[in-house]
Amino acid sequence: KVSRRRLLGWGGAGLALGATAGGGAAAAAIGMSGDTAPQAGDAVPFYGPHQAGIATPVQDRLHFAAFDVTTGDRDALVSLLKEWTRAAARMTAGRPVGEGAVGGLPEAPPDDTGEALGLRPSRLTLTVGFGPTLFTKDGTDRFGLAARRPPALVDLPSFPGDALDPARSGGDLCVQACADDPQVAVHAIRNLARIGFGKVSVRWSQLGFGKTSSTTPDAQTPRNLMGFKDGTRNISGTDTAALDEHVWVQPQDGAPWMVGGSYLVARRIAMNIETWDRAPLKEQEDIFGRTKGEGAPYGRKREHDEPDLNAMPADAHVRLAHPDSNGGARMLRRGYSYTDGTDGLGRLDAGLFFLAYQRDIRRGFLPVQTRLARSDALNEYIRHVGSAVFAIPPGVRDASDWWGKELFA
Ligand code: HEM
């Protein structure tokens, strides 16, 4: 039996007021309205109309996992999603998966693996998604979901230059774990995988660091591994009008169970770091159409000045990716840098794990990447090596709700 004091030890001061089951009160303690951004270490509210981890200010670290569902039993899948939701509500509040902390029955494995014991919630968010193969796989409708696949969840075509590794692509389910402490993010994915033993298996996963996008306009824009500010012109997590127009699924979009949700495109994009590092500064800047130091668009002085697309080379990344070049297409970028050591030839295996949220893939990533794949000057220095798309259901409203409840209704 664990004392109340011991339980409160999980998650630190921000949690002490609200260590109730599910952490709802803890979430309320730091402001459910979202207008008070959680500080480093705090808990991000788990319950709400949208899943956390999208409009949420970007945390420093990522552990992303794509899962294959190995059970063919719909009820087993449903009970897993319920268990995951319960565990996620607790972990995001900085609490262990089970009441017993590292305890439980002596003859059984502990309820929680324990490595987050004593760590703060670290703004952990867990965001779940459903891949196309959850709806139909090899022509079979395993879970009776085929008719529920949203039209906006399209399979991506193969783009020119794609070098996709099937072992780093696809997945029936995904979980994006973001936190300021990598141990907290890894703990969360590990425990969800553990809970899913026998029902799901990890298909691929990706660790990320040094957020490469900003969803908070006043914060300093982070830099990607090419050394450029990334996320200057992104959808801000507080711009509700832009979020409604470009990120959150709306009632008129034709998939009622997805209203309040979004669609995620994940791409592992490898960078030819050594070649890039030998490219002259002027060439690097021409490739983006922005200066490296300030991040100012060509023809302008400051980072946040309105870009003048005509001042940039015709094949500049920013010019081609800009909404004006793509019929107004916008998405919320939330990617992370990665390095996975070296490639055996002494080259860094590094790049950008690109994550973009949008209301409809056909009006977000698809037109933009179609243009970039064809003409972007950046293509000489990058390679898309992994790809996946997921429907991100709306938020979990309260402790009686669970991820996917409306999909399986
Ligand atoms: C802008 C880097 C891939 C879409 C930018 C900027 C940089 C950058 C430095 C300028 C700063 C900013 O506004 O954020 C990269 C790198 C990539 C990459 C290094 C690959 C390794 C992509 C991909 C897409 C994309 C695959 C979408 C298909 C955009 C968009 C903008 C942008 C929409 C903002 C354009 C604007 O409104 O001015 N990117 N990017 N990027 N990028 Fe990328």
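The values are calculated or read from the model by the stated rules, or taken from the named source; none is laboratory data. Since the structure is predicted, the reported quantities are computational estimates derived from the model, not experimental observations. Reconstructed Cβ throughout: ideal geometry from the backbone, glycine too, with neighbour counts over all protein chains shown.
In table form, for the structure just shown:
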| item | result |
| --- | --- |
| P110 vs. criteria free of Cβ contacts under 8 Å to residues at least 40 places away in the same chain, in contact with a Gly (Cβ under 8 Å, 6 or more places away or on another chain), farther than 30 Å from I382 by Cα and not in a strand (DSSP E or B) | yes |
| Some residue of segment 224-232 being within 15 Å of the ligand (Cβ to nearest atom), touching a Gly at 6+ places or on another chain (Cβ under 8 Å) and not in a loop (DSSP other than H, G, I, E, B) | yes |
| Residue selected from segment 193-225 under the condition under 16 Å from the mean Cα position of the chain (by Cα) and modelled with pLDDT of 95 or more, by the criterion surrounded by the fewest Cβ atoms within 10 Å (Cβ to Cβ) | F209 |
| Long-range neighbours under 6 Å by Cβ, at least six apart or interchain, first residue farther than 16 Å from L126 by Cβ within segment 60-72, second of a type in the set (S, T, N, Q) and assigned to a strand (DSSP E or B) | D68/S201; T70/S201 |
| Segment 57-103: number of residues that are among the acidic types (D, E) and buried (at least 16 other Cβ atoms within 10 Å of the Cβ) | 3 |
| Close pairs from segment 395-408: first farther than 12 Å from A88 by Cα, partner modelled with pLDDT under 95, Cβ under 6 Å, at least 6 apart | none |
| Selection count where residues are farther than 16 Å from L164 by Cβ and either within 18 Å of the chain's Cα centre (by Cα) or outside any helix (DSSP H, G or I) (or both), scope segment 367-389 | 1 |
| In segment 189-216, the residues that are touching a residue at least 60 places away in the same chain (Cβ under 8 Å), part of a loop (DSSP other than H, G, I, E, B) and more than 10 Å from the ligand (Cβ to nearest atom) | G196, G198, K199, G210, K211, T215, T216 |
| Checklist (1) exposed (fewer than 12 other Cβ atoms within 10 Å of the Cβ); (2) touching a residue at least 24 places away in the same chain (Cβ under 8 Å) applied to V249, failing item | (1) |
